[in-house]
Amino acid sequence: MVFDVIGEMITLKHYFKTDKSIKWVGQLQGTHDIVGDREIYEVKSTTKKKENIVGIHSSYQLSTEKHTNLIFVRLEEKPY
């Protein structure tokens, strides 16, 4: 859960530089994580080092009238 939010924040920061219309809506438990006027960003995050498989929980996550981007974020967990 925490890594999902971190992945969404990294994605929001990156794409906000070129698209000021995007908003984080992942906290609302809706279909998408980040939405903009023209595009939608569905973010999948993992801490698994070798696996490149993501789960889509609803077909609505990838079917929309706007251009949909599937973003894969790999994070590393470090104990401090």
(message) I'd like to check one number: the per residue accessible area of region 7-70, probe 1.4 Å, reported in Å² as a whole number.
(response) 70 Å²
(message) Strictly over 27 Å apart at the Cα level, which of Lys44/Lys66; Lys17/Lys44; Lys23/Lys49; Lys13/Lys50; Lys20/Lys66; Lys13/Lys49 would you flag in this model?
(response) Lys23/Lys49
(request) For the chain, build the charge dipole from Cβ charges (+1 Lys, Arg; -1 Asp, Glu) around the Cα centre, then report which of Thr68, Thr46, His32 sits farthest towards its positive end. (result) Thr46
(message) Please report the antiparallel percentage of DSSP beta bridges with both residues in the chain, rounded to the nearest 5.
(response) 35 percent
(request) Kindly rank 59-71, 33-45 from highest to lowest mean number of other beta carbons found within 10 Å of each residue. (result) 33-45, 59-71
(message) If you roll a 1.4 angstrom probe over the protein chains with everything in place, what fraction of the accessible area of the chain belongs to carbon and sulfur, to the nearest %?
(response) 56 percent
(message) I want the local charge near Ser45. Using Cβ-Cβ distances under 13 Å, sum +1 for each Lys or Arg and -1 for each Asp or Glu among the other residues.
(response) -4
(message) Is there a quick way to get the dipole size of the chain? I mean about its Cα centre, with the Cβ of Lys and Arg at +1 and of Asp and Glu at -1; what is the value in debye to the nearest 20?
(response) 260 debye
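The values are calculated or read from the model by the stated rules, or taken from the named source; none is laboratory data. Keep in mind the model is a prediction, meaning the values are calculated, not measured. Cβ sites come from the backbone with ideal geometry, for glycine too, and all protein chains shown count toward neighbours. With ligands, DNA and RNA removed, areas are computed over all heavy atoms of the protein, side chains included. Shrake-Rupley method; radii C 1.70, N 1.55, O 1.52, S 1.80 Å.
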